[in-house]
Amino acid sequence: MMYVRRNNSGAIVAVSEEPLEQFSAVDRDDPELQAFLHANTQLTEDQRFRESDSSLIRVIEDLVDLLASKGIIRFTDLPPEAQKKLMLRKSMRGQEDRLNLIDEAGDDLFDFD
C-alpha cells in the first residue's frame with residue numbers, strides 16, 4: 001500500500017510509504033501512481049544530465065585554457081562558432097560568480113597580454 005496526496009484537479013502531487021494527513025491509500029500497482037513515479041524518475045534523470053552537462057562544460061573550458069596556456073593550441077585555431085561560445089561563457093562567468101563550477105584558478109583563457 002502507498003499513500004498519495006492529490007491537488008484540486010485530482011492529480012497526484014506527492015507520494016508516501018507512510019500514512020500522512022491529507023494522503024489517501026492506493027495500491028502499489030495503481031496505474032496513476034506508476035505513471036507519477038515514472039514521470040518523476042525521468043525528471044530526476046534529466047536533471048542529473050543537465051547538472052552533468054554544466055560541470056562538463058566547465059571542464060572543457062578549463063581543458064581549452066590548459067591547452068592554450070601550454071601553447072598546444074591557440075584560441076584562434078578554434079572554429080569561429082566555438083570562439084564565440086567560449087567568449088560568451090567567459091563573459092557570463094565574469095558577471096555571475098555562481099557559474100564558476102570548479103574554482104577561480106585558470107579563468108584567464110582569453111587574456112591575451
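The values are calculated or read from the model by the stated rules, or taken from the named source; none is laboratory data. Values in this document were obtained by computation on a predicted structure and should not be read as measured data. Counting neighbours? That spans all protein chains shown, and the Cβs are built from the backbone with ideal geometry, glycine included.
The test for being at pLDDT 90 or above, aliphatic (A, V, I, L, M) and surrounded by 14 or more Cβ atoms within 10 Å (Cβ to Cβ) does not hold for V13. A single member of L43, L37, L33, L109 is closer than 30 Å to S9 by Cα, at pLDDT below 90 and surrounded by 13 or more Cβ atoms within 10 Å (Cβ to Cβ), and it is L37.
On the basis of being more than 30 Å from G94 (Cα to Cα), more than 17 Å from the chain's Cα centre (by Cα) and part of a helix (DSSP H, G or I), does Q22 make the cut? In short, no.
Could you grab me the full set of residues in region 68-90 that are surrounded by 11 or more Cβ atoms within 10 Å (Cβ to Cβ) and either hydrophobic (A, V, I, L, M, F, W, C) or more than 17 Å from I57 (Cα to Cα) (or both)? Within region 68-90, A68, S69, I73, F75, D77, L78, A82, L86, M87 qualify. How many of the residues in region 54-80 are part of a loop (DSSP other than H, G, I, E, B) and either in contact with an Asp or Glu (Cβ under 6 Å, 6 or more places away or on another chain) or farther than 19 Å from M92 by Cβ (or both)? Qualifying residue count for the region: 6. The combined condition, being among the charged types (D, E, K, R) and farther than 30 Å from Y3 by Cα, is fulfilled by R74.
Could you tell me whether any residue of region 35-53 is touching a residue at least 24 places away in the same chain (Cβ under 8 Å) and part of a loop (DSSP other than H, G, I, E, B)? Checked against the condition, which is being touching a residue at least 24 places away in the same chain (Cβ under 8 Å) and part of a loop (DSSP other than H, G, I, E, B), region 35-53 yields no hits at all. Condition first: modelled with pLDDT of 90 or more and touching a Lys or Arg at 6+ places or on another chain (Cβ under 6 Å). Can you find one or more residues in region 83-98 that meet it? Looking through region 83-98, none of the residues is modelled with pLDDT of 90 or more and touching a Lys or Arg at 6+ places or on another chain (Cβ under 6 Å). Checking each residue in region 16-28 for being modelled with pLDDT of 95 or more and under 16 Å from A39 (Cα atoms) picks out no residue at all.
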